[in-house]
Every structure is written in structure tokens, then in C-alpha cells.
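Read the structure below first, then the notes.
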Amino acid sequence: TMTRGAMRVEAWVGDEAVRSLVIEAERHATHPIADAIVQHADASGLHSNATSAIDEVRIDDCGIQAQSTLGTLHIGSKRYMARHACVIEQAHQQQAHAWAHQALTTVYIALSGRVVSQLAVGDALHADTQVSIAQLKRWGWQIEMLTGDEPAVAQQVAQAAGLDADAVQAGVSPEKKLAAVKQRNNDQAIVMIGDGVNDAAAIAAADVGIAVSGGAEPSLAAADVYLARPGLSGLVDLIARARRCRAVVVQNLTLSLTYNAIAIALAALGFVTPLLAAVLMPLSSATVLGLAMKGQLKSKPPVQHEEEGLL
């Protein structure tokens, strides 16, 4: 949601014998990290010949499990490794820690319950992320970032985006995202924006759920609003137009009620003839329509962004 989603493999260390198995298993998944691994393999000439060596591929929110000729293969996050009781030795943990401080996410690869390899994937913020978050803050929105990434990676991304450290929840499961959305302070409206399968339940539970371009089908199906371009500038545009629309509605209702109250009072006193009333009534409607059209013309996106698209 905040990053470009064009993840790339920055490093891959450990047992090279499992790489072909990993590549073949990741071809079964539809996820930015899986895409990054497959693209890295294709670009590096690491084409897999392990089709017959992979079987019973199971995919969930944190990783992939498959049966292979070398044993049970697990590919995923640290949380996924812990869930399946896969041992991560200290050397692998130290490497992951170093990568995290470079804002790189570690993907662990385990065979028969022991991590034997790991790779680092990275992504870049959208060009509009920082300025969009700054604008939302100026409007008084309280911004929180919910992510399944490791805390060190999440903090690096949040700092680059202009978010405070206490506004970040890292290592969050889909269930915890849902719980966070359901927590309310003083009946404040909750807006959830996301693009992944992990975000779908939280998007559905929010007062306003928003999915962004390129998002997974479950998030699109759960959302009230779809932004047809990636990044957060579409969200800023949406809120700016909604604020302007509300202001125009209030203005027109106030004008219409005032106009009619005065006209009814004058008619009751005999100052308004039927002919004059027939002239004033469409004039009132034309005035309201004109102000609404004027409001539409003034509603321009407040954020200038490099990535073109339509809202």
C-alpha cells in the first residue's frame, strides 16, 4: 500500500541445493515476494527443473509449505517458521537482523524443520507516500501502519514515510489487523486502506474500506472504494473531494432553507404573487445547481504525484 509493490531479491545466502525447490514452490503463489523470487530466478538464469520434486503445495498468509525430494520445505517469515517449529540458528538470525536495518525483509527457507537458507527482499516507497501522509496529518487524521513485516523493517519504512514510531504495529496477523480496526476511541470513524489478502477482513470491518490498484481479489471484494492508481495520493484526492462535497451540500441546504423560509414568510404577508413564486422557484433550483457545479470545478487534487492514474 505504501510501497511500490515491485519487490526485488537483494541477497540470497545458504544452501544452494534448495533454490530450485524454492523457485518451483513460489511459482504456485500470487504474492509480491513470490513474484520477486520468480523474477530474480528468471533474470539470473536459475530456471527450475524441480517440477516433479515438489508436491502438496500449501499456501497461507505467512508462507508456503511443500513436500520435496529433500524433505518438507517451508518458505516464509519468522512467524511462519515458529508456527511450524522450524529451528532458526543464530547465524541466520544475525543475518536477518542486519538486513532489517537496511529495510530488507527476510524470507527463511527450512528443510525438515531446520532453516538452511534465507533471502532478503526490498521495496521502495511510492513517490507520493510521504507528502500524502503529511497532508492527512494536517487534516487531523490519526495514521497507523499495520504490517506483517518484522519491527525493524517496519520502523525503517515508517521513518521514511514520516510516521512516528508509536504509530506502527509490526508482525501483525490478519486477525490482529481486524482487532485493531474494531478498536474505537470516542466513536471515531475508521478508514482502512490495503491491497493484500491479509487486509480483507479489516477492510470489510472498517467504516470505510479502501483497496488500491493491483490489490488481491479478496481486498477488492471487501472494499467500499477502489483507487485505480497505486500509492496514497488517490486517498488524499478522495478525502479532499469528499470534504468539498460535504461543504457544498451543507451550503446548498442552508441556502435552500433560508431562501424558502424568507419566500414563505413574504408569501404569507401577501408580497409574493403566484406569478412571482413561479419565477422564484426555478431560480432557487438553478442557484443550487450552479453552486454545486462551481464546487465540482474547484475540487482539484491537493497532491501532485508522479504516477499518473484516475480515481
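The values are calculated or read from the model by the stated rules, or taken from the named source; none is laboratory data. All figures in this text were calculated on a predicted structure; none of them were measured in a lab. No Cβ is skipped: glycine too gets one built from the backbone with ideal geometry, and neighbour counts run over all protein chains shown. What goes into the accessible areas is simple: the full protein's heavy atoms, side chains included, and nothing from ligands, DNA or RNA. Shrake-Rupley method; radii C 1.70, N 1.55, O 1.52, S 1.80 Å.
Only strands (runs of 3 or more DSSP E) wholly contained in region 1-108 count here; list those with 1 or more residues that are within 30 Å of residue 230 (Cα to Cα) and either out of contact with any strand residue (DSSP E or B) (no Cβ under 7 Å at 6 or more places or on another chain) or among the polar types (S, T, N, Q) (or both).
54-59
Out of 109, 88, which single residue is in contact with a Ser or Thr (Cβ under 7 Å, 6 or more places away or on another chain), of a type in the set (A, V, I, L, M) and closer than 25 Å to residue 15 by Cβ?
Residue meeting the stated conditions: 109.
Which condition does residue 151 not pass, out of (1) buried (at least 17 other Cβ atoms within 10 Å of the Cβ); (2) modelled with pLDDT under 90; (3) closer than 29 Å to residue 120 by Cβ, if it passes all the others?
Going through (1) buried (at least 17 other Cβ atoms within 10 Å of the Cβ); (2) modelled with pLDDT under 90; (3) closer than 29 Å to residue 120 by Cβ one by one, residue 151 breaks only (1).
Confirm whether residue 192 is crowded, with 16+ Cβ neighbours inside 10 Å and under 25 Å from residue 93 (Cα atoms).
Answer is no for this residue.
Working carefully through the options 261, 292, 267, 286, find the one that is modelled with pLDDT of 85 or more, small (Gly, Ala, Ser) and surrounded by 13 or more Cβ atoms within 10 Å (Cβ to Cβ).
Values: 261 fails: surrounded by 13 or more Cβ atoms within 10 Å (Cβ to Cβ); 292 fails: modelled with pLDDT of 85 or more; 286 fails: surrounded by 13 or more Cβ atoms within 10 Å (Cβ to Cβ).
That would be 267, the only listed residue that is modelled with pLDDT of 85 or more, small (Gly, Ala, Ser) and surrounded by 13 or more Cβ atoms within 10 Å (Cβ to Cβ).
Of all residues being touching a His at 6+ places or on another chain (Cβ under 8 Å) and among the β-branched types (Val, Ile, Thr) in region 78-119, which is surrounded by the most Cβ atoms within 10 Å (Cβ to Cβ)? Just the residue, please.
Once the filter is applied, the top-ranked residue is 109.
Which one is farthest from residue 132 (Cα to Cα), of the residues in region 220-237 that are buried (at least 19 other Cβ atoms within 10 Å of the Cβ) and touching a strand residue (DSSP E or B) at 6+ places or on another chain (Cβ under 7 Å)?
That would be 222.
When you go through 55, 42 one by one, which is the residue that is open to solvent by 40 Å² or more (accessible area, probe 1.4 Å), touching a Ser or Thr at 6+ places or on another chain (Cβ under 8 Å) and of a type outside the set (Val, Ile, Thr)? Give the derivation first.
Values: 42 fails: touching a Ser or Thr at 6+ places or on another chain (Cβ under 8 Å).
55 is the lone residue from the list that is open to solvent by 40 Å² or more (accessible area, probe 1.4 Å), touching a Ser or Thr at 6+ places or on another chain (Cβ under 8 Å) and of a type outside the set (Val, Ile, Thr).
Quick one: would you say residue 170 is among the small types (Gly, Ala, Ser), touching a helix residue (DSSP H, G or I) at 6+ places or on another chain (Cβ under 6 Å) and farther than 23 Å from residue 139 by Cβ? Explain how you work it out, then say what you get.
Numbers: among the small types (Gly, Ala, Ser): yes; touching a helix residue (DSSP H, G or I) at 6+ places or on another chain (Cβ under 6 Å): yes; farther than 23 Å from residue 139 by Cβ: yes.
In short, yes.
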